[in-house]
Amino acid sequence: MNTWEAALDAGDVACAQIRLKGLSDDEIARVVDVLRPPAQKRGVAVLLNDRPDLAFETGCDGVHIGQEDASYKDARKALGDGIVGVTCHDSRHLAMEAGEAGADYVAFGAFFPTETKDAKGHADLDLLRWWTELFTVPVVAIGGITVDNCPPLVEAGADFLAVCGGIWNHPEGPEAAIKAFNRIMTGE
């Protein structure tokens with residue numbers, strides 16, 4: 001069993017987002033062909049970042065789009081019933097637009113400094129609380145999230161945590177990170 005499969009087996013993983021910048025369509029498709037089957041076999045939804053067209057073509061379960069990527073309308077058209085999630089940075093307005101359009105989830109961030117991407121906004125806990133009090137569309141917290149800094153996000157209402165470095169850079173490895181995130185998300 002490889003590290004990817006071991007991480008997927010370590011606990012409840014709702015979704016795996018494949019985020020590949022600067023690769024050709026063919027290179028992205030080859031990576032998806034390696035990562036998607038083990039995830040889907042385990043009931044983990046696979047989302048491709050930015051590319052609804054390739055998400056559909058490569059058999060992903062959905063797409064995560066940013067504000068500079070495809071529009072929600074175009075993503076929905078490409079994916080049909082697939083998952084479409086939308087980055088809303090720290091904007092209530094963008095989140096309401098995405099929710100009203102039919103997004104399957106909205107994502108706020110960055111909550112903490114991150115090396116994964118250049119953050120275009122800095123979200124705070126009040127934003128999560130506001131969203132969860134008024135809306136039923138699930139909310140994802142993004143940006144520099146680790147086992148150590150995530151409890152306030154969960155307490156404020158984050159339905160899901162988008163973690164990259166928090167998993168793959170965890171001092172005890174990805175399996176330990178997923179187990180720890182699961183304990184926090186379930187309140188154990």
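Based on this model, can you work out whether residue 144 counts as loosely packed, with under 14 Cβ neighbours inside 10 Å, at positive phi and not β-branched (Val, Ile, Thr)? Don't jump to the end; show me each part of the working.
Values: loosely packed, with under 14 Cβ neighbours inside 10 Å: no; at positive phi: yes; not β-branched (Val, Ile, Thr): yes.
It is false that residue 144 is loosely packed, with under 14 Cβ neighbours inside 10 Å, at positive phi and not β-branched (Val, Ile, Thr).
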**Matching residues, the range 120-134, being crowded, with 21+ Cβ neighbours inside 10 Å and assigned to a helix (DSSP H, G or I)** = 127, 128, 131
**Item:** Single condition residue 81 does not satisfy, out of (1) free of Cβ contacts under 8 Å to residues at least 24 places away in the same chain; (2) within 17 Å of the chain's Cα centre (by Cα)
**Value:** (2)
**Of all residues making up the range 140-168, the number that are at pLDDT below 95 and more than 15 Å from the chain's Cα centre (by Cα)** = 0
**Prompt:** For residue 58, are the conditions met, namely being touching a residue at least 40 places away in the same chain (Cβ under 8 Å), β-branched (Val, Ile, Thr) and either outside the structural domain of residue 172 (by TED's automatic domain parsing) or under 23 Å from residue 127 (Cα atoms) (or both)?
**Reply:** no
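Quickly run through the range 22-33 and pick out the residues that are out of contact with any Ser or Thr (no Cβ under 8 Å at 6 or more places or on another chain) and in contact (Cβ under 8 Å) with a residue 24 or more places away in the chain. First the steps, then the outcome.
The initial filter retains those residues of the range 22-33 that are out of contact with any Ser or Thr (no Cβ under 8 Å at 6 or more places or on another chain), namely 22-27, 30-31.
Answer for the range 22-33, where residues must be out of contact with any Ser or Thr (no Cβ under 8 Å at 6 or more places or on another chain) and in contact (Cβ under 8 Å) with a residue 24 or more places away in the chain: just 25.
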**Item:** Among the residues listed as 33, 26, 50, 74, the single one being at positive phi, of a type outside the set (Val, Ile, Thr) and outside the structural domain of residue 165 (by TED's automatic domain parsing)
**Value:** 50
**Selection count, the range 98-116, where residues are free of Cβ contacts under 8 Å to residues at least 60 places away in the same chain, assigned to a loop (DSSP other than H, G, I, E, B) and closer than 26 Å to residue 74 by Cβ** = 4
**Request:** Quick one: residue 116 ticks every box in (1) of a type in the set (Val, Ile, Thr); (2) out of contact with any Pro (no Cβ under 9 Å at 6 or more places or on another chain); (3) at pLDDT 95 or above except a single one, so which number is it?
**Result:** (3)
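Identify the residue in the range 1-20 that is at pLDDT 95 or above and either within 18 Å of residue 79 (Cβ to Cβ) or acidic (Asp, Glu) (or both) and, among all such residues, is surrounded by the most Cβ atoms within 10 Å (Cβ to Cβ). Let's see the steps before the verdict.
Step one: filter the range 1-20 for residues at pLDDT 95 or above, giving 4-18.
Filter once more, keeping what is either within 18 Å of residue 79 (Cβ to Cβ) or acidic (Asp, Glu) (or both): 5, 9, 12, 14-18.
Values: 5: 14, 9: 13, 12: 12, 14: 13, 15: 18, 16: 20, 17: 19, 18: 22.
Checked the range 1-20; the qualifying residue surrounded by the most Cβ atoms within 10 Å (Cβ to Cβ) is 18.
Can you go through 79, 54, 23, 48 and tell me which one is more than 25 Å from residue 172 (Cβ to Cβ), aliphatic (A, V, I, L, M) and exposed (fewer than 14 other Cβ atoms within 10 Å of the Cβ)?
After applying the criteria, what remains is 23.
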**Prompt:** Looking only at the range 15-51, which residues are assigned to a helix (DSSP H, G or I) and under 21 Å from residue 69 (Cα atoms)?
**Reply:** 25, 26, 27, 28, 29, 31, 32
**Subset of the range 140-188 [touching a strand residue (DSSP E or B) at 6+ places or on another chain (Cβ under 9 Å) and either in a helix (DSSP H, G or I) or in contact (Cβ under 8 Å) with a residue 60 or more places away in the chain (or both)]** = 153, 154, 160, 162, 164, 181, 184, 185
**Prompt:** Looking at 84, 137, which is the one that is in a strand (DSSP E or B), modelled with pLDDT of 95 or more and farther than 21 Å from residue 151 by Cβ?
**Reply:** 84
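The values are calculated or read from the model by the stated rules, or taken from the named source; none is laboratory data. Since the structure is predicted, the reported quantities are computational estimates derived from the model, not experimental observations. Note that we place each Cβ from the backbone using ideal geometry, even for glycine, and neighbour counts take in every protein chain shown.
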